[in-house]
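Taking it in order: structure first as structure tokens, then the write-up.
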Amino acid sequence: MSARQGLTDHELVTRLRAGDEEAFAILVGQWSGVMLRVAMIHSPNRAVAEEVVQETWLAVLRQLDRFEERSSLRTWVFQILAKRTITLGVRDRRSVPFSELAWGFCAIRR
């Protein structure tokens, strides 16, 4: 039997909405590895990808009441992951590593 114990998406969502930590742990254990691999495709490094996955799980918990069950739970979670990956990736690209700033400063002073 799977880690989801044969639960339908509706049953799983009902348990999650009721605050069932075991149901949440099942999902995190089952999907986080795949989510990390997907996030790593679009992230500059593993640390950013891990942050994306963590932010996704937080968003899932915060937005669970808005899940309308028009798609599968997995599809909905991975859509959140995609949005978080884009958001954090854009933010990460806007920042300039300190090492580059220091090099630029040295080049200007010469």
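Would you list Ser43, Ser32, Ser72 from fewest to most Cβ contacts within 10 Å? Show your work: numbers first, answer last.
Values: Ser43 20, Ser32 15, Ser72 10.
In increasing order of surrounding Cβ atoms, one gets Ser72, Ser32, Ser43.
Which order results if Val60, Val34 are arranged by neighbouring Cβ count within 10 Å, fewest first? If you can, show how the numbers build up before the last one.
On the way: Val60 20, Val34 13.
Least to most surrounded, the residues fall as Val34, Val60.
Got a sec? How would Asp65, Asp9 order by Cβ neighbour count within 10 Å, fewest to most?
Neighbour counts put them in this order, fewest first: Asp65, Asp9.
What share of Cα pairs, in percent, lie more than 18 angstrom apart in region 7-64?
Values: 613 of 1653 pairs.
Of all Cα-Cα distances in region 7-64, 37 percent exceed 18 Å.
What distance in nm separates the simple spin-label points at Ala47 and Val34, each placed 7 Å from Cα in the Cβ direction?
2.9
Under the Karplus relation 6.51 cos²θ - 1.76 cosθ + 1.60, θ = phi - 60°, what is the ordered set of whole-Hz ³J(HN,Hα) values for region 80-86, x standing for Gly and Pro?
Here the 3J(HN,Hα) series is 5, 4, 4, 5, 5, 4, 5 Hz.
Averaging sequence separations of C-alpha pairs under 8 Å and six or more residues apart, then dividing by the length of region 2-84, give the relative contact order as a whole percent.
On the way: 47 pairs, mean separation 26.3, N = 83.
Averaging sequence separation for qualifying contacts and normalising by length gives 32 percent for region 2-84.
Since every read-out is calculated from the coordinates, none of them should be taken as a lab result. These numbers come from a predicted model, not from an experiment. FYI the Cβ positions are ideal-geometry reconstructions off the backbone, even for glycines, and counts take in every protein chain you see.
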